[in-house]
Amino acid sequence: MSEPYNNWERFYHRFNLIFHGIIAGSLLPFAFVFLETQKEFPDAPLIEGMESMVIKMLLVVLAGVLIFLAQSYRKTVISEVQALSDIKEKLDLYLSKKLIQYGILAGAAVAGLLGLYLTKDQLFSFVFVVVLFVFSLVRPTFDRVSAEIGVGSKDLQEWGRGSVESDDKS
């Protein structure tokens, strides 16, 4: 029989499940809309003409601003989390703050999805790929989490095994 997960593994599995769930949640509807635009006889765009150009500009700018905000928010997350001393508190705050960052990035993905759905312009496929690329840049890894919360990897591993006083008793 295998050993139960330690504190770090439980946290990391939950964090990764949420991260990949957000990506899958945005990828599935986008794939459906993208495939609809690739049909032999696709439906006409819902918005055409000058309105289409305005919508395109607004959604591309919105996606760009959201990507910028998500990346800027990362610095706030790091400073707030590093100010705490307890590892469990750091990880809990880190997870909640990273969910906000991922939500902002998901908003950029939704802007790409809406743009593709409304205008059928493949520019929004590129916007969505950029959002996925940014998601890949912020993917949770042991080294990234360790560096961003300001806890050495050795201390984090010890906490995971339950060797540190801030052990999760749940």
Problem set entry | Accessible surface of the range 1-152 [probe 1.4 Å, protein heavy atoms]: carbon and sulfur percent | 69 percent
For this session: Would you work out which of 72, 93, 82 lies farthest towards the positive end of the dipole of the range 61-108? Charges go on Cβ: Lys and Arg +1, Asp and Glu -1.
Result: 72
For this session: Step through the residues of the range 20-30 one at a time and calculate ³J(HN,Hα) from phi using the Karplus curve (6.51 cos²θ - 1.76 cosθ + 1.60, θ = phi - 60°), rounding each to whole Hz and writing x for Gly and Pro.
Result: 6, x, 5, 5, 5, x, 8, 6, 4, x, 5
Problem set entry | Computed FRET value (nearest 0.05) for residue 86 with residue 137, which takes r as the C-beta separation and R₀ as 30 Å | 0.60
For this session: Please grab the % of Cα pairs in the range 78-144 that end up more than 20 Å from each other.
Result: 43 percent
Exercise. How much FRET efficiency would the formula 1/(1 + (r/R0)^6) give for residue 154 and residue 76, where r is the Cβ-Cβ distance and R0 is 30 Å, rounded to 0.05?
Worked result: 0.65
Seminar exercise, completed: Rounded to one decimal in Å, the inverse mean reciprocal Cα-Cα distance for the chain, i.e. its Kirkwood radius, is 17.9 Å
Exercise. Hey, how many Å between the Cα centroid of the range 28-66 and the Cα centroid of the range 85-99?
Worked result: 37 Å
For this session: Keeping all protein chains in place, calculate the accessible area per residue for the range 1-148 (probe 1.4 angstrom), answer in Å².
Result: 57 Å²
For this session: Check the chain and count each lysine pair with an alpha-carbon distance under 13 angstrom, considering only pairs eight or more places apart or from different chains.
Result: 6
Exercise. Mind checking the dipole of the range 1-152: about its Cα centre, +1 per Lys or Arg Cβ, -1 per Asp or Glu Cβ, Debye to the nearest 20?
Worked result: 320 debye
Exercise. Taking the Cα centre of the range 15-98 as origin and charging only Cβ (+1 Lys, Arg; -1 Asp, Glu), how large is the dipole, in debye to the nearest 20?
Worked result: 440 debye
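The values are calculated or read from the model by the stated rules, or taken from the named source; none is laboratory data. As the structure is a prediction and not an experimental result, all values here were calculated from the model. Every residue, glycine among them, receives a Cβ derived from its backbone with ideal geometry; neighbour counts consider all protein chains shown. The area values use the complete protein model at the heavy-atom level, side chains included, leaving out ligands, DNA and RNA. Shrake-Rupley method; radii C 1.70, N 1.55, O 1.52, S 1.80 Å.
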